[in-house]
Amino acid sequence: MAGSVRAELPTQVHLVVGPVGSGKSTLVRRLAEEHGAVRLVLDEWMAALFGADERPVEGRIPWYVERTERCLGLIWRITEQLLGVGTPVVLEVGLIQREARARFYARLDEQAYEHVVYVVDAAREVRRARVMQRNQERGETFSMEVPLEFFELASDLWQPPDEVERLDRHVRFIQT
């Protein structure tokens, strides 16, 4: 019966990717409102669930990765439930590297979920200034402080979609 429900109801995944400070959170809010979609944002989950936890001095990356994977598993299960009843979702779940996006696309393709990928970007100096300002102001799109070292590391790790990735995807580029 779940298959027949999925076939009858329009489902849509709006996947927002981009480097830190590019404007993803602002776009996610707008897309959710425009499409009557539920927002599922990894940083919000991480901040709510683990923000108060003490991070280890050594082994910080494995600590972070393990918790990220747990959150992503839950976000995916909720995504499937929402799509199963015809509720669109807007996802901002990291995926700054092509390999991580490929694994995520495989999940979408396995279930034949209709999706659009929004690639949001801005010049590095613009993004850096936004992040530092967001850290200070802690406004609407703030979920956790992003130290300068993390900004630089995440920026270095960002891999925009290449031609191969774009071949089988509906990809929209947004420069902010």
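The values are calculated or read from the model by the stated rules, or taken from the named source; none is laboratory data. Fair warning: this is a prediction, and the values are worked out from it, not measured in the lab. Neighbour counts run over all protein chains shown; Cβ positions are idealised from the backbone, glycine included.
When Arg98 is tested against the conditions (1) over 14 Å from the mean Cα position of the chain (by Cα); (2) surrounded by fewer than 18 Cβ atoms within 10 Å (Cβ to Cβ); (3) among the basic types (Lys, Arg), the lone failure is (1). Note on the stretch 114-140: residues that are at negative phi and surrounded by fewer than 17 Cβ atoms within 10 Å (Cβ to Cβ) amount to 13. Against the criterion of being of a type in the set (Asp, Glu), within 18 Å of Gly18 (Cβ to Cβ) and within 17 Å of the chain's Cα centre (by Cα), Glu92 qualifies. Taken over the stretch 20-61, the criterion of being at pLDDT below 85 and outside any helix (DSSP H, G or I) is satisfied by Gly51, Ala52, Asp53, Glu54, Arg55, Pro56, Val57, Glu58, Gly59. Inspection of the stretch 71-94 identifies no residue that is hydroxyl-bearing (Ser, Thr, Tyr) and in contact with a helix residue (DSSP H, G or I) (Cβ under 8 Å, 6 or more places away or on another chain).
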